[in-house]
1. Once ligands and nucleic acids are excluded and a 1.4 Å probe is used, how much of B:Phe290 is accessible, expressed in Å² to the nearest 10?
2. So what is the calculated 222 nm ellipticity per residue for the protein assembly as shown, using -39500 (n - 2.57) for each DSSP H run with n of 4 or more, over all residues, to the nearest 500 deg cm²/dmol?
3. Taking all protein chains as present, what is the carbon and sulfur share of the accessible area of the protein assembly as shown, in % to the nearest whole number, probe 1.4 Å?
4. Let a ≥ b ≥ c be the square roots of the eigenvalues of the Cα gyration tensor of segment B:2-341; is it rounded (a/c under 1.5), or, if not, prolate (a/b larger than b/c) or oblate?
5. Note the full-extension length gain between B:Asp38 and B:Tyr308 as 0.36 nm times their separation in residues minus their Cα-Cα distance, in nm to one decimal.
6. For segment A:23-150, how many pairs of lysine residues have a Cα-Cα distance under 20 Å, where the two are 8 or more positions apart or belong to different chains?
7. So how much accessible area does B:Met226 have, in Å² to the nearest 10, using a 1.4 Å probe?
8. How well do other chains shield peptide A:89-97, expressed as the mean number of their Cβ atoms within 10 Å of each residue Cβ?
Amino acid sequence: MRNLGTILIRLIAVYLMCFSLPGLAVESLALVTHPSSNLNSLSLETIKLVYLRKLMLASDGSRWIPLNLPSTHELRRAFSISLFKKLPEEQESYWNEQYFQGLTPPQVLASEEAVLRFVAITPGALGYVQKHSVDDRVKVLQIISIADLN
Amino acid sequence: MPNIQLAWLIALLTYSVQVLADDSGSGYQLGRGYTLGDSGIHLGGYANAQMHSQGPSPTGFSLEDLSLFVSWDNGSKLRYFSETEVEDGLSIKEGQSLTTGLAKFRLERLYLDYLVNDNVTLRTGKFLTPIGQWNLMHASPLVWTSTRPVATNNLFAEHATGIMLQGVIPLSERSIEYSVYSDYTSSLDPKRGDAPNFDNAQGLRLRYSLYDNLQIGFSYADFALMGDTNSRNHLTGLDLAWSYQRFAINSEIVYRDSNSLSVSQHAWQGYIQGVSPLTESLYAVGRYEFFDQAQQQTGEAEVLGLAYRPTPSLVMKVEYRLGKHNRQLAPDGLFASFTVLF
């Protein structure tokens, strides 16, 4: 009975996600970094802090360079909901506050391919693409399953 | 005649904001500043025009704050930030003409950050005293009312000049933010009327997110104030911030005890504020505050207001404040402001 309840909740979560992100055919996001990174994984909390620009340095001392896709991009919206439970426009007040502290939001690149190219040549860069878009130019640090996070 | 000048000022300010907003297509975004090429230099700031009508005082209007941020970050471990402010750059009062004579330049903040490791940043210079939430985010576009709660700057200095260690420590699925600081010079502090300035101070602040939408904070400071350097003050503060969709509740409470003979030896001050959306851009704001004060009974004030936020960077506010034993620190009156991050 308990399992049935869990399955139902997950089904509802997936249903809601599909309707809140119409047309999104993404089941998993891959967090990628430069292949020379000595990290093999990154916790969700750490990814959150890097994208909120509260964590600036990696454990090896290099600067994190978090990358975003445009706020209207389906993948950006899926990433934002998965990690922060908020859409990009709902984080505006947070970025206003950070701006007052001299911090600007992560750099925005136009496409997944642009993210892959930037990450491939920039140590410390951290971006996200669809899992099936990953190739050997980058190193995967985390797979974020949307359904798992809801 | 002053009313015509006032209308011109408001029209000019509104037009300026429109011009700035129209620049977004060329890479500039209102409220996010402007980056100078690949130099790592970023420029920005905010402006706040305010109208107030307090008790028997004549109604006044002023360009209360015009702040310029300059930051530099080239991707190394060193970062720079400064905020220079023109206070009361333009002002006008009932029966008087427009003047720039009250304008004051302030160096609000100036510091260098060195990223020591992933959990520690060393800050050197002049920075906002990390006590409570409001003092750290006090810029008018970031707060919901034109007036500031007494508890957020009456018992301590708004700025400290010295060194601070700060950072974030991930704890399982949450994280804790910390700041530890020491103030040891006043050379960057301008004389600010009755506002308290630290002679020296040490303190810490911790902030923990219980949930994504609920944060609690703890602040402690041990300090001496300029003009009363023989006395030590100990201040403890607790604060809370909760939000749900577009609703929000914020509260702070501070307690200061002092061995000074010239100020109240024990003082409690605090506030609780609620924000509720009325329409897509319009919000209702209510606040209750209380404040122990020297040589008077404990004061109280209630604030009721509206805030219109058509974009995240632009806010228009109007509010009425009413209280008792509040004439000195939070007088009754009507306040309105127009504020923009640029």
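The values are calculated or read from the model by the stated rules, or taken from the named source; none is laboratory data. Just so it is clear, the structure is predicted and the values come from calculations on it, not from any experiment. Glycine gets a Cβ as well: all are built from the backbone with ideal geometry, and neighbour counts include every protein chain shown. Side chains included, ligands, DNA and RNA excluded: accessible areas come from the protein's heavy atoms. Shrake-Rupley method; radii C 1.70, N 1.55, O 1.52, S 1.80 Å.
1. We get 50 Å² for B:Phe290.
2. Working: 6 runs with 78 residues, N = 492.
Value at 222 nm, helices only, nearest 500: -5000 deg cm²/dmol.
3. On the way: 13940 of 23390 Å².
Exposed carbon and sulfur together represent 60 percent of the surface.
4. Numbers: a/c = 1.37, a/b = 1.08, b/c = 1.27.
In terms of gyration-tensor shape, rounded.
5. Values: separation 270, 0.36 × 270 = 97.20 nm, distance 3.61 nm.
Full extension of this stretch gives 93.6 nm more.
6. On the way: A:Lys48/A:Lys85; A:Lys48/A:Lys86; A:Lys48/A:Lys131; A:Lys48/A:Lys139; A:Lys54/A:Lys85; A:Lys54/A:Lys86; A:Lys131/A:Lys139.
Count of close lysine pairs: 7.
7. About 80 Å², ignoring ligands and nucleic acids.
8. Values: counts 1, 2, 1, 5, 7, 1, 3, 10, 6.
Average per residue, whole number: 4.
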